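Asker: Take this structure first; my questions come after.
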Amino acid sequence: MGCDRNCGLIAGAVIGAVLAVFGGILMPVGDMIIQKTITKEVVLEEGTTAFKNWVKTGTAVYRQFWIFDVQNPQEVIINSSTIKVKQRGPYTYRVRFLAKENITHDPETNTVSFVQPRGAIFEPSLSSGTENDTFTVLNLAVAAAPYLYPNAFVQVLLNSLIKKSKSSLFQTRTVKELLWGYTDPFLSLVPYTIPTTVGAFFPYNNTADGVYTVFNGKDDVSKVAIIDTYKGKKNLSYWSSYCDMVNGTDAASFPPFVEKTRTLQFFSSDICRSIYAVFGAERDLKGIPVYRFILPPEAFASPLQNPDNHCFCVDREVSNNCTFYGVLDISKCKAGKPVFISLPHFLHASPEIAGNIEGLNPNEEEHSTYLDVEPITGFTLQFAKRLQINILVKPSKKIETLKRLNRNYIVPVLWLNETGTIGDEKAEMFKNKVTGKINLLGLIEIVLLSVGVVMFVAFMISYCACRSKKTK
């Protein structure tokens with residue numbers, strides 16, 4: 001009877017040890033299974049989960065606009081006063097709802113090329129008013145004239161056309177006109193052929209962004225969705241002069257197995273460059289663990305603080321010898337127009353820039369850019385891209401509406417908040433297909449290991465106790 005009991009205890013201990021060993025073996029094997037599955041599904045080729053979502057996002061993406069309504073236009077023109085603004089909005093449009101087009105696979109280089117069609121649909125229920133709401137805003141054409149044509153004689157001619165068209169430094173425009181374009185009366189009088197339609201995002205509807213060429217990740221998953229830099233510079237030549245900043249992904253996804261120490265590079269045509277985000281915090285998004293990556297202040301730092309930004313210092317006078325921070329001069333990729341990009345309300349900008357504008361209230365929560373990335377797949381499940389469009393206004397002795405200005409202004413026109421969040425249905429599907437299976441496998445590994453260890457220890461204790469009692 002004692003022998004049978006001892007044998008049972010020994011058998012139990014052996015079973016426990018086997019379970020523990022199996023659990024221990026299962027852990028690296030499980031990790032290999034996970035890695036193999038993810039590596040297969042994130043490749044950009046027909047039939048994968050990543051390719052389906054890459055061609056056309058299943059997430060609703062909205063772009064909200066806030067317009068800066070100028071309260072004291074005449075004071076600015078006559079006395080060069082501080083510009084007083086009030087933020088109006090949001091005016092919301094649905095964007096990124098069109099599938100990528102002209103998708104071409106190159107098996108020799110493991111790349112895929114495409115263009116991204118653009119369109120915007122107004123969403124009244126998500127807006128504070130209609131597209132026909134009017135505001136007093138900067139006159140984009142008049143403000144740009146002396147910057148584009150610094151010759152004094154040419155400016156005299158432009159001044160006569162500005163006066164004849166009854167234009168001024170400021171104008172009244174509807175939301176729709178300011179965003180998507182209007183025929184400018186001043187430009188319409190210019191006696192030679194030039195574009196006469198002006199708008200902050202003109203042209204946009206029925207146009208396409210690209211051509212882009214990205215790696216599909218088939219030969220190296222660490223490069224999946226990353227822009228082929230050589231082809232990127234060739235296809236997007238008008239951006240490549242900007243510090244060769246055509247690299248990273250489009251921010252919709254990143255190579256899988258994202259570490260907190262990784263810097264995420266992504267390209268944005270809105271700011272004519274690639275930019276980066278760094279780890280900020282762990283978050284829970286609808287039951288899915290994600291890493292929040294944020295755009296650091298250094299991304300908009302002066303060239304003295306961040307040498308990578310030296311290409312964005314174009315005018316040393318305006319930038320105080322490239323010491324101002326918080327704004328990027330992107331005139332090179334805007335046909336020479338004096339466009340400056342910043343974070344909303346000049347968040348993290350030099351006090352000298354924001355000091356010329358009254359009515360701003362920058363804060364991190366509302367005005368910072370972030371990406372919530374699921375670390376195993378590298379998919380971006382939620383994001384907020386926030387940018388402000390500004391125009392440089394310089395004094396001009398030859399243009400009447402500008403001749404009384406005694407300083408340079410970087411005038412905010414509007415800021416945007418482009419957001420997207422995985423839907424509830426998609427989140428459940430993602431948990432079932434990805435995180436759920438991974439968590440289940442991990443749970444099985446832990447249970448087997450834990451139960452095995454407990455059984456082994458328990459049966460060995462019992463066995464030793466039994467042997468001790470028998471000896472006595």
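Asker: Over region 59-422, what percent of the accessible surface lies on carbon and sulfur atoms, probe 1.4 Å? Let's see the in-between values first.
Answerer: On the way: 7980 of 15680 Å².
Carbon plus sulfur share of accessible area: 51 percent.
Asker: Here's something else I'd like to know. Rounded to the nearest 20 Debye, what is the dipole magnitude of region 45-135 about its Cα centre when Lys and Arg each give +1 and Asp and Glu each give -1 at the C-beta?
Answerer: Values: 10 positive and 10 negative charges, 66 e Å.
Here the size comes out at about 320 debye.
Asker: Could I ask something else about it? Could you please put R283, R94 in sequence from largest to smallest accessible area, using a 1.4 Å probe?
Answerer: In descending accessible area the options line up as R283, R94.
Asker: Also, quick follow-up: Using a 1.4 Å probe and counting only protein heavy atoms, arrange K166, K398, K40, K431 so the residue with the most accessible area comes first.
Answerer: On the way: K166 185, K398 100, K40 140, K431 45 Å².
The most accessible residue leads, giving K166, K40, K398, K431.
Asker: Then there's this: For region 59-422, with the dipole built from +1 on Lys and Arg beta-carbon atoms and -1 on Asp and Glu ones, taken about the Cα centre, which of W180, P362, V154 lies farthest toward the positive end?
Answerer: With unit charges placed on the Cβ atoms, the residue in question is V154.
Asker: Right, here's the next one. Could you do me a favour and compute the accessible area per residue for region 296-340, 1.4 Å probe, result in Å²?
Answerer: For region 296-340, the per-residue accessible area is 46 Å².
Asker: Tell me which aspartates and glutamates have Cα within less than 19 Å of K84's Cα, excluding those fewer than 8 residues away on the same chain?
Answerer: The reachable aspartates and glutamates, counting only those whose Cα sits under 19 Å from K84, are D69, E75, E352, E358.
Asker: Further question on the same structure: So for each of 412-424, 153-165 I average, over its residues, the number of other beta carbons within 10 Å; can you give me the resulting order with the highest mean first?
Answerer: Listed from highest to lowest mean packing, they are 412-424, 153-165.
Asker: Checking the a/c ratio against 1.5 first, then a/b against b/c, what shape does the Cα gyration tensor give for region 59-422?
Answerer: It comes out prolate by the Cα gyration axes.
Asker: What is the sum of charges, Lys and Arg at +1 and Asp and Glu at -1, for the other residues whose Cβ falls under 10 Å from the Cβ of V318?
Answerer: Summing Lys/Arg as +1 and Asp/Glu as -1 gives -1.
Asker: To the nearest Å, what is the center-to-center distance of region 148-175 and region 297-320, using C-alpha atoms only?
Answerer: 30 Å
Asker: For the pair Q305 and T82, how long in nm is the line joining their label points, each one 7 Å along Cα→Cβ?
Answerer: 2.1 nm
Asker: Ok, one more. Filter the cross-link list K100/K337; K40/K223; K337/K397 down to pairs whose alpha-carbon distance in this structure exceeds 24 Å.
Answerer: On the way: K100/K337 29 Å; K40/K223 13 Å; K337/K397 20 Å.
The answer is K100/K337.
Asker: Along Cα→Cβ, 7 Å out, is where each label goes; now give me the distance between the ones at A99 and N363 in nm to one decimal.
Answerer: 4.3 nm
The values are calculated or read from the model by the stated rules, or taken from the named source; none is laboratory data. Bear in mind that the values here come from a model prediction, so they are computed numbers and not experimental data. Every residue, glycine among them, receives a Cβ derived from its backbone with ideal geometry; neighbour counts consider all protein chains shown. Heavy atoms of the whole protein, side chains included, go into the accessibility calculation; ligands, DNA and RNA do not. Shrake-Rupley method; radii C 1.70, N 1.55, O 1.52, S 1.80 Å.
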